[in-house]
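The values are calculated or read from the model by the stated rules, or taken from the named source; none is laboratory data. Predicted, not measured: the structure shown is a model, and the values here were computed from it. Neighbour counts run over all protein chains shown; Cβ positions are idealised from the backbone, glycine included. Accessible surface is based on the protein model in full, side chains and every heavy atom, while ligands, DNA and RNA are left aside. Shrake-Rupley method; radii C 1.70, N 1.55, O 1.52, S 1.80 Å.
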Amino acid sequence: MGGNRNANRILKDLSNYLLDFRNGMEKVYYLNQEGCSFVNSKKTRHKNQNIDHVLLRNQFYIYTGKPDSWRNEVKVKLGALTIIPDAMFNDGTFDVFLEVDMQQTMQENANKVARYKRLKQFTKKPFMLVFVTDLESRRQKLIKLCEGLTYRIYSASEIM
């Protein structure tokens, strides 16, 4: 695309197919209904209250090098245990489960971690739990919750 100026010109030329909004200092573009039909997409996206959550998850996707095995919100079921991580991928060594911590209470996070600990008891296959949080102050609490698991905690500022 070249530089920012050329990218902005291209986005302006595509304005009949795009909607946009400001998120902080950045402009976020997405396909409108006409744009979706132009690219034969069955899904029409709308801006909603989870947009910060989705953008942080997508930023982690870019941060990890856009793994081919990346899947958003895949239901993992083992017996009566069901976990739906925000994303799941394989990094070559482990299956990695991503949880984006934006608006959850610490109790919700504790419940999620407890389910991952039960998953560890039921399966022999190693996995890693990754949390990305928008608040640096939550890191120590998440570290304490994840004891006994293979885990990584990132702050949003680390992956931007």
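Note on the range 19-45: residues that are surrounded by 13 or more Cβ atoms within 10 Å (Cβ to Cβ) and part of a strand (DSSP E or B) amount to 6. Residues of the range 70-85 that are among the basic types (Lys, Arg) and over 16 Å from the mean Cα position of the chain (by Cα): Lys77 alone. Checked across the range 50-59, the condition of being closer than 19 Å to Phe127 by Cα and in contact (Cβ under 8 Å) with a residue 24 or more places away in the chain holds for at least one residue. Candidates Lys66, Lys42, Lys27: the one that is under 27 Å from Ile10 (Cβ atoms) and in contact with a strand residue (DSSP E or B) (Cβ under 6 Å, 6 or more places away or on another chain) is Lys27. So which residues in the range 1-13 are under 20 Å from Leu55 (Cβ atoms) and either open to solvent by 100 Å² or more (accessible area, probe 1.4 Å) or not in a helix (DSSP H, G or I) (or both)? Passing the criteria: only Asn4. Among helices (runs of 4 or more DSSP H) entirely within the range 46-160, having at least 2 residues that are surrounded by 16 or more Cβ atoms within 10 Å (Cβ to Cβ) singles out 51-63, 106-122, 139-145. Within the range 6-24, the only residue that satisfies the criterion of being in contact with a strand residue (DSSP E or B) (Cβ under 6 Å, 6 or more places away or on another chain) and among the charged types (D, E, K, R) is Asp20.
Taking each residue of the range 13-34 that is under 18 Å from Met1 (Cα atoms) and looking for partners that are small (Gly, Ala, Ser) and open to solvent by 80 Å² or more (accessible area, probe 1.4 Å) with beta-carbon atoms closer than 7 Å, six or more apart or interchain, yields nothing.
Is the range 50-58 home to any residue that is closer than 23 Å to Thr150 by Cβ, of a type outside the set (D, E, K, R) and modelled with pLDDT of 95 or more?
So far as the range 50-58 goes, yes, one or more of its residues are closer than 23 Å to Thr150 by Cβ, of a type outside the set (D, E, K, R) and modelled with pLDDT of 95 or more.
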